[in-house]
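Colleague: One structure, as structure tokens, below. Some questions next.
The values are calculated or read from the model by the stated rules, or taken from the named source; none is laboratory data. Just so it is clear, the model here is predicted, and its values are computed rather than measured. Cβ: placed from backbone, ideal geometry, glycine included. Neighbour counts: every protein chain shown. Accessible surface areas use protein heavy atoms only, side chains included; no ligands, DNA or RNA. Shrake-Rupley method; radii C 1.70, N 1.55, O 1.52, S 1.80 Å.
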Amino acid sequence: MDYFNYKKNKLFAEDVDINILAEKYGTPLYVYSKRTFLEHFHKVKNAFSDMETLICYSVKANSNLAVLNEMKKAGAGFDIVSGGELYRSLKTGVDPKKIVYAGVGKTAEEIRYALKSGILMFNIESTEELKAINNIAKAMKTRADVAFRINPDVDALTHAYVNTGKKESKFGIDIMMALNIYKSAKKLKHINIKGVDMHIGSQITSPIPYINAVSKIARFVSELRRENINIEYLNLGGGLGVIYDEEKPSTADVFARAIKPHIAGFDLKIILEPGRFIIGNAGVLIGRVTYVKKGRTKNFLITDTGMNDLIRPSLYGSYHKVIPVNVKKSADLDYYDVVGPICESGDFLAKDRHLPQMEAGDLICVRTAGAYGMSMASNYNTRPRAAEVMVDGAKHTLVRERETLEELTAKERMIK
Ligand code: LLP
């Protein structure tokens, strides 16, 4: 579900003609539909409305302040993974007691910052991190609220790079070793045990991996309680998939219905950390064709956007739909590789796509680019990162200016 539709052969974001946005703000341009991401947020919220649930939007998916601020206004908390994401989250004025902090490599400085900010809890990923947090909390004469991220050894049936719940992955604490770490944490003076956490991966389309993981985690919570270890929160992580191509991901309702029987009767507060599900289909990347290059075996649409703006196709071989912003009714179709101007063969957005014949100057739209698009963008080839615009009905607002070349070089120094 999204609000990017053709009206009279022009692509609109909600009520705004994308041609107008490209003209006004230039390309490459990320365009977000507020109505789309808020609807997705409410879908998750409603699916769990019968339980005490905190939805912590996963900041890494798209960390633009305007997006975070709309999430906060809708009642979301935040799932963060760095001091930088904490800083962004706090800028929205969110209640810090709605922030949860994951990640395998939290530094002492980041831990201090999070303790000072009064976040809801850390999701601890190792014994070493537990010791570090306890020591830092002691030095700060405070106690740290924590959960432990459990690695349930479950295959999330997704791309290897985002499959995080198998025992060989760097994430979480092996479920076989977890009871001992809870027992030792219970003895620590500067640690308050609050919950159990899991996050098994991303772009998960079937409820089955969740069922497998949650049923293991639920058994583990019973074990903890038998040891008189109090567990108030269960964090189920993120990972709900979206449609890029022909996937049929579970809806929020199906996901909720599949999970609830396994945690019924546990009297737990639920935390969810969706990122992609909320913002994925709510963003598109708009580029302009610079040249149409016809080769002997391939046609290339060389555009002004590429792997530095959206690295997912190059990094994971991900599929993103590419569509023309303006439909040409009579044009014949042709096969194209949609590529960027960057000096790498891996710089492509789409391969062998059947598109209407295109010309230099035409606008293209890369769909489902709202999650892990701009947040993974880089300045490779000294390319300023794209501008970002948020559309709300007929209103459009520039929520991040395009970078300038002066800004790109401002921190560098030549040695005399
Ligand atoms: N919670 C934790 C602890 C996470 O590590 C992640 C994502 C999420 C929640 C949110 O997951 P989501 O609901 O968005 O699936 N760059 C990759 C995705 C990396 C996901 C990293 N962790 C991509 O472009 O597909």
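Colleague: Pick from Val44, Val81: which is under 30 Å from Met1 (Cα atoms), touching a residue at least 60 places away in the same chain (Cβ under 8 Å) and within 16 Å of the ligand (Cβ to nearest atom)? First the steps, then the outcome.
Modeller: Working: Val81 fails: touching a residue at least 60 places away in the same chain (Cβ under 8 Å).
Val44 is the lone residue from the list that is under 30 Å from Met1 (Cα atoms), touching a residue at least 60 places away in the same chain (Cβ under 8 Å) and within 16 Å of the ligand (Cβ to nearest atom).
Colleague: It is to be established whether one or more residues within the range 234-241 are over 21 Å from the mean Cα position of the chain (by Cα), under 20 Å from Leu268 (Cα atoms) and either more than 16 Å from the ligand (Cβ to nearest atom) or crowded, with 21+ Cβ neighbours inside 10 Å (or both).
Modeller: Here is the first cut: in the range 234-241, the residues over 21 Å from the mean Cα position of the chain (by Cα) are none.
The answer is no, given that none of the residues of the range 234-241 is over 21 Å from the mean Cα position of the chain (by Cα), under 20 Å from Leu268 (Cα atoms) and either more than 16 Å from the ligand (Cβ to nearest atom) or crowded, with 21+ Cβ neighbours inside 10 Å (or both).
Colleague: If you scan the range 176-212, which residues turn out to be assigned to a loop (DSSP other than H, G, I, E, B), within 14 Å of the ligand (Cβ to nearest atom) and within 21 Å of Cys56 (Cβ to Cβ)?
Modeller: Residues satisfying the conditions are Met198, His199, Ile200, Ser202, Gln203.
Colleague: Is one or more of the residues making up the range 307-314 within 24 Å of Pro28 (Cβ to Cβ), out of contact with any Lys or Arg (no Cβ under 9 Å at 6 or more places or on another chain), buried (at least 16 other Cβ atoms within 10 Å of the Cβ) and not aliphatic (A, V, I, L, M)? If you could, list the steps in order and put the result at the bottom.
Modeller: First pass over the range 307-314, keeping only residues within 24 Å of Pro28 (Cβ to Cβ): 307-314.
Those left that are additionally out of contact with any Lys or Arg (no Cβ under 9 Å at 6 or more places or on another chain): 307, 310-312, 314.
Right, trim to buried (at least 16 other Cβ atoms within 10 Å of the Cβ) and you get 307, 310-312, 314.
In the following step, the residues that additionally are not aliphatic (A, V, I, L, M) were identified as 312, 314.
Taking every residue of the range 307-314 in turn, at least one turns out to be within 24 Å of Pro28 (Cβ to Cβ), out of contact with any Lys or Arg (no Cβ under 9 Å at 6 or more places or on another chain), buried (at least 16 other Cβ atoms within 10 Å of the Cβ) and not aliphatic (A, V, I, L, M).
Colleague: Okay, next question. I'd like to check something: does the range 216-227 contain any residue that is aromatic (Phe, Trp, Tyr) and within 16 Å of the ligand (Cβ to nearest atom)?
Modeller: First pass over the range 216-227, keeping only residues aromatic (Phe, Trp, Tyr): 220.
From what's left, within 16 Å of the ligand (Cβ to nearest atom): none.
Within the range 216-227, not a single residue is aromatic (Phe, Trp, Tyr) and within 16 Å of the ligand (Cβ to nearest atom).
Colleague: Just checking, which of Asp309, Asp267, Asp304 is acidic (Asp, Glu) and within 16 Å of the ligand (Cβ to nearest atom)?
Modeller: Numbers: Asp267 fails: within 16 Å of the ligand (Cβ to nearest atom); Asp304 fails: within 16 Å of the ligand (Cβ to nearest atom).
Every option except Asp309 fails the conditions.
Colleague: Starting from the range 376-402, keep only residues that are closer than 15 Å to Ala22 by Cα and open to solvent by 60 Å² or more (accessible area, probe 1.4 Å), then list their pairs with residues that are in a loop (DSSP other than H, G, I, E, B) and of a type in the set (S, T, N, Q) whose Cβ atoms are within a distance under 9 Å, requiring at least 6 positions of separation or different chains.
Modeller: Listed pairs, sorted by first residue: Arg400/Asn64.
Colleague: If Thr158 meets every condition in (1) away from the ligand (no atom under 16 Å from the Cβ); (2) under 21 Å from Ile204 (Cα atoms); (3) not small (Gly, Ala, Ser) apart from one, which number is that one?
Modeller: Answer for Thr158: the failing condition is (1).
Colleague: Scan the range 51-64 residue by residue and report those that are over 14 Å from the mean Cα position of the chain (by Cα) and either open to solvent by 50 Å² or more (accessible area, probe 1.4 Å) or within 14 Å of the ligand (Cβ to nearest atom) (or both). Walk me through how you get there before you give the answer.
Modeller: Just the residues of the range 51-64 that are over 14 Å from the mean Cα position of the chain (by Cα), to begin with: 51-54.
Result: Glu52, Leu54.
Colleague: Against the definition (under 30 Å from Ile200 (Cβ atoms), within 16 Å of the ligand (Cβ to nearest atom) and surrounded by 24 or more Cβ atoms within 10 Å (Cβ to Cβ)), how does Gly317 come out, yes or no?
Modeller: On the way: under 30 Å from Ile200 (Cβ atoms): yes; within 16 Å of the ligand (Cβ to nearest atom): yes; surrounded by 24 or more Cβ atoms within 10 Å (Cβ to Cβ): no.
For Gly317, the condition - under 30 Å from Ile200 (Cβ atoms), within 16 Å of the ligand (Cβ to nearest atom) and surrounded by 24 or more Cβ atoms within 10 Å (Cβ to Cβ) - is not met.
Colleague: Working carefully through the options Ser250, Ser222, find the one that is part of a helix (DSSP H, G or I) and among the hydroxyl-bearing types (Ser, Thr, Tyr).
Modeller: Details: Ser250 fails: part of a helix (DSSP H, G or I).
After ruling out the rest, the residue left standing is Ser222.
Colleague: Look through the range 115-146, keep the residues that are surrounded by fewer than 23 Cβ atoms within 10 Å (Cβ to Cβ), small (Gly, Ala, Ser) and more than 15 Å from Ile173 (Cβ to Cβ), and return whichever of them is nearest to the ligand (Cβ to nearest atom).
Modeller: Ser117
Colleague: Out of the residues in the range 147-175 that are assigned to a strand (DSSP E or B) and within 24 Å of Leu224 (Cβ to Cβ), which is most open to solvent (accessible area, probe 1.4 Å)? Outline the logic, then answer.
Modeller: First, pick out the residues of the range 147-175 that are assigned to a strand (DSSP E or B): 147-151, 163, 173-174.
Filter again for within 24 Å of Leu224 (Cβ to Cβ), leaving 147-151, 173-174.
Numbers: Ala147: 2, Phe148: 0, Arg149: 16, Ile150: 3, Asn151: 7, Ile173: 14, Asp174: 47 Å².
Once the filter is applied, the top-ranked residue is Asp174.
Colleague: Residue by residue through the range 213-238, note down the ones that are out of contact with any helix residue (DSSP H, G or I) (no Cβ under 8 Å at 6 or more places or on another chain) and under 25 Å from Tyr372 (Cβ atoms).
Modeller: Listed by number, the residues that qualify are Ala213, Asn235, Gly237.
Colleague: Here's a check for you: in the range 1-21, which residue that is hydrophobic (A, V, I, L, M, F, W, C) and more than 18 Å from Lys321 (Cβ to Cβ) is surrounded by the fewest Cβ atoms within 10 Å (Cβ to Cβ)? Before you say what the answer is, go through the steps one by one.
Modeller: Taking the range 1-21 first, the residues hydrophobic (A, V, I, L, M, F, W, C) are 1, 4, 11-13, 16, 18, 20-21.
Filter again for more than 18 Å from Lys321 (Cβ to Cβ), leaving 16, 20-21.
Values: Val16: 20, Ile20: 13, Leu21: 24.
Ranking the qualifying residues of the range 1-21, first place goes to Ile20.
Colleague: Something else about it: Being open to solvent by 10 Å² or more (accessible area, probe 1.4 Å) and in contact (Cβ under 8 Å) with a residue 24 or more places away in the chain narrows it down to one of Lys97, Lys34, so name that one.
Modeller: The match here is Lys34.
Colleague: Output the residues belonging to the range 332-359 that are in contact with a strand residue (DSSP E or B) (Cβ under 7 Å, 6 or more places away or on another chain), open to solvent by 30 Å² or more (accessible area, probe 1.4 Å) and not in a strand (DSSP E or B).
Modeller: Those that are in contact with a strand residue (DSSP E or B) (Cβ under 7 Å, 6 or more places away or on another chain), open to solvent by 30 Å² or more (accessible area, probe 1.4 Å) and not in a strand (DSSP E or B): Pro341, Gln357, Glu359.
Colleague: Any chance you could count how many residues in the range 362-408 are away from the ligand (no atom under 16 Å from the Cβ), of a type in the set (S, T, N, Q) and either closer than 23 Å to Ala66 by Cβ or not assigned by TED's automatic domain parsing to the domain that holds Thr27 (or both)?
Modeller: Residues in the range 362-408 being away from the ligand (no atom under 16 Å from the Cβ), of a type in the set (S, T, N, Q) and either closer than 23 Å to Ala66 by Cβ or not assigned by TED's automatic domain parsing to the domain that holds Thr27 (or both): 3 in total.
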